[in-house]
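Here's the structure, in structure tokens; my notes come after.
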Amino acid sequence: MIIAPGLLARRKTVNVIALIAATATTVFGLFWLAWILWTTFSQGAAALSPRLFTEMTPPPGSEGGLLNALFGSFVMVALGVVIGTPIGVLAGTYLAEYGRASKLANTIRFVNDILLSAPSILIGLFVYELVVAQQGHYSALAGGIALAIILIPVVVRTSDEALRLVPNQMREAALALGVPQWKVTTRIIYRAGVTGIMTGILLAVARISGETAPLLFTALGNQYWSADLNAPMANIPTAIYNYANAPQDEAHVLAWAGAFVITAFVLLLNIVVRFFLRTRTPR
Amino acid sequence: MNAIAFTSADTAPTPAANRAPAVKIGLDNLDFYYGRTHALKGVSLGFNDGEITAIIGPSGCGKSTLLRTINRIFELYPGQRATGTITLDGRNILEPAFSLSELRARVGMVFQKPTPFSLSIHDNVAFALRHYERLSRAEERERVETSLRQAALWDEVKDKLNVSALALSGGQQQRLCIARALAVRPEVVLLDEPTSALDPISTAKIEELLVEQAANFTFIIVTHNLQQAARLAHRTAFLLDGQLVEIGDREQIFVNPQNSRTRDYVTGRFG
């Protein structure tokens, strides 16, 4: 086969142009990420000190740490995971194992995708109406519920996809033994899909640990130590928000430190997820 | 073929010589539909107790479909349905009242691709066992060993029963799946091209174990490999376009077919 020389030259040119365009847009996209990370890490690292983890959030104008906010974020993220994970995984199980290609399941998938991209401030306002307004006060519980509502669609989606990746032959082989479906799902299919499900949960945790808007309307924030789920609770995102808005330099330093801690946590979580995927995937 | 063909054939089928074989599974006027596609058309035939019956035929003729009706695994998929009767010891298993759990405990199945569960070798075999019987640890170990021996796998795995089954080779995984199916002591075992994804040595091992175990079970094997059918099966059924063309012993099907289409198929003129 002989290719006309003109054609070959043309294809080579087009190829080079496509390559340059693709590379340039990738660099453009990554540039901002690198910039954000660089600013956060350089400013945040300078603000790091042991006091961050031993002292409470200070009133504006004085120095202090983020201990209560770190604790509060931990509690509310944990609350979100505890409330949201079972619901998300079970709903994903329904979609992948029971509903499959039914109209109902496809409708749920569609609605779930809408929920997945719902603005988080709406979810904050929703929980404000649902919990805070009813109770008459802000609370960590309301914060946890708001985070759970953000987490659920992520976990539903990833569980559904992880379970649908399990080959159908495995279901047939297990069901052909005469074992009922619930047992096949919990003993065999979950085991085969556990990597994907865990990945989804960890990614959802990364997502909710940085959410600010839903916590502003629910947990509010708290300058002091509080471990009461029924009372306003400090947390990192709202602390960043408040200190970044304050005029004092000390406050800005704390905001940077908070941003650093949360970014490092999310980054670490993503690395853990990748490691998890690599070691737990068979073959 | 080679030497394997001879040895297997020599040791293989001669059981039913001095007793009339009893029909274990009987199909009567069986029709099967994938939605509107009519895949099996009025198939009637019997599978004898304690024998190996092979089902042969070109791709798409309904061999696997036929097999999948016998344990009602097709019911997983909406739109697939079977009409007619399939009897197991005289009772119609297509009746909705027939318990699926009982049916599948009595009729096991091995698939084309090895499907080990992400469990240890021991747990793979014990999984269904635990569902049906309450056994002590010692009894369970014994049953697992028996099944693995029946599947000619014991010697290769006896020192690593707690290792993940995914670490086994393809041929070993398939024998594990056979052990898993045999562990619940089914009466009938359906094998859907169990060796088509395997190397010749693994294939020979599986054929040998089937011949060895034939007296204890009723094996129904779908195969693309005519030599395999000739080596293993007491009787062979030839299916074409969803219809049964002919069923008979090795002599009849492979040497002296009654139907010209069977002759054309076994002599390689089509298929």
Q: Can you tell me how much longer the chain between A:Glu55 and A:Ala24 gets when fully stretched, taken as 0.36 nm per residue apart minus their C-alpha distance, in nm with one decimal?
A: 6.6 nm
Q) Out of the DSSP beta bridges found with both residues in the protein assembly as shown, what percent are antiparallel (nearest 5)? A) 60
Q. Taking the Cα-to-Cβ direction at B:Glu102 and at B:Glu139 and moving 7 Å from each Cα, how far apart do the two end points lie in nm?
A. 2.2
Q: Specify, per residue and in Å³, the volume enclosed by the convex hull of the alpha carbon atoms belonging to the protein assembly as shown.
A: 245
Q. Name the residues of the stretch B:117-164 whose accessible area falls by at least 40 Å² when all protein chains are present instead of the chain alone, probe 1.4 Å?
A. B:Phe117, B:Ser118, B:Leu119, B:Phe127, B:His131
Q.
Distance between the C-alpha centers of the stretch A:206-261 and the stretch B:162-229? Whole Å please.
A. 62
Q. According to the square roots a ≥ b ≥ c of the eigenvalues of the Cα gyration tensor, what is the shape class of the stretch A:1-125, taking rounded for a/c under 1.5, prolate for a/b larger than b/c otherwise, and oblate for the remainder?
A. oblate
Q | Drop in accessible area of at least 30 Å² in the complex versus isolated chain, residues of the stretch A:162-191, 1.4 Å probe | A | A:Gln169, A:Met170, A:Glu172, A:Ala173, A:Leu175, A:Ala176, A:Leu177, A:Gly178, A:Val179, A:Lys183, A:Ile188, A:Arg191
Q. Looking at this model, which pairs from B:Lys63/B:Lys205; B:Lys24/B:Lys63; B:Lys63/B:Lys113; B:Lys113/B:Lys205; B:Lys24/B:Lys158 are more than 27 angstrom apart at the alpha-carbon?
A. B:Lys24/B:Lys158
Q) Counting only protein heavy atoms, what percent of the accessible surface of the protein assembly as shown is carbon or sulfur at a 1.4 Å probe? A) 61
(Q) Please check the stretch B:95-110 for residues whose accessible area, probe 1.4 Å, is lower by 50 Å² or more when all protein chains are in place than in their chain alone. (A) B:Arg104
Q. If you project the alpha carbons of chain A onto their three principal axes, what span does each projection cover, largest first, in Å?
A. 77, 63, 34
**Q.** Per residue value of the accessible surface for chain A (all protein chains in place, 1.4 Å probe), Å²
**A.** 54
Q.
Given the DSSP H assignment, sum -39500 (n - 2.57) over each helix run of at least 4 residues in chain B and divide by its residue total; what's the result at 222 nm in deg cm²/dmol, nearest 500?
A. -10000 deg cm²/dmol
Q: With a ≥ b ≥ c taken as the square roots of the eigenvalues of the C-alpha gyration tensor of the stretch B:29-112, please select rounded if a/c is under 1.5 and otherwise prolate if a/b is larger than b/c or oblate if it is not?
A: rounded
Q. Which value does Rg/Rh take for the stretch A:163-283 over its C-alpha atoms, Rh per Kirkwood?
A. 1.21
Q. With a 1.4 Å probe, how much accessible area is buried between chains B and A, both sides summed, in Å² to the nearest hundred?
A. 1900
Q | Whole-number D in µm²/s for chain B (Stokes-Einstein; Kirkwood sum over Cα pairs; 10 °C, 1.306 mPa s) | A | 83
Q.
Could you report chain B's accessible area per residue, 1.4 Å probe, as an integer in Å²?
A. 43
Q. At what distance in nm do the modelled label points of A:Ala45 and B:Ala215 sit from each other, each positioned 7 Å from its Cα along Cα→Cβ?
A. 7.8
Q) Top mean-square fluctuation among A:Gly64, A:Gly84, A:Gly144, Gaussian network model of chain A, C-alpha springs under 10 Å? A) A:Gly64
Q. What distance in nm separates the simple spin-label points at A:Trp182 and A:Ile271, each placed 7 Å from Cα in the Cβ direction?
A. 4.3
Q: Could you pull the Cα extents of the stretch B:135-240 along its three principal axes, largest to smallest, in whole Å?
A: 47, 27, 20
(Q) Given the DSSP H assignment, sum -39500 (n - 2.57) over each helix run of at least 4 residues in chain A and divide by its residue total; what's the result at 222 nm in deg cm²/dmol, nearest 500? (A) -23000 deg cm²/dmol
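The values are calculated or read from the model by the stated rules, or taken from the named source; none is laboratory data. Computed from a predicted structure; not experimentally measured. In this analysis, Cβ positions are derived from the backbone assuming ideal geometry, glycine residues included, and neighbour counts consider all displayed protein chains. The area values use the complete protein model at the heavy-atom level, side chains included, leaving out ligands, DNA and RNA. Shrake-Rupley method; radii C 1.70, N 1.55, O 1.52, S 1.80 Å.
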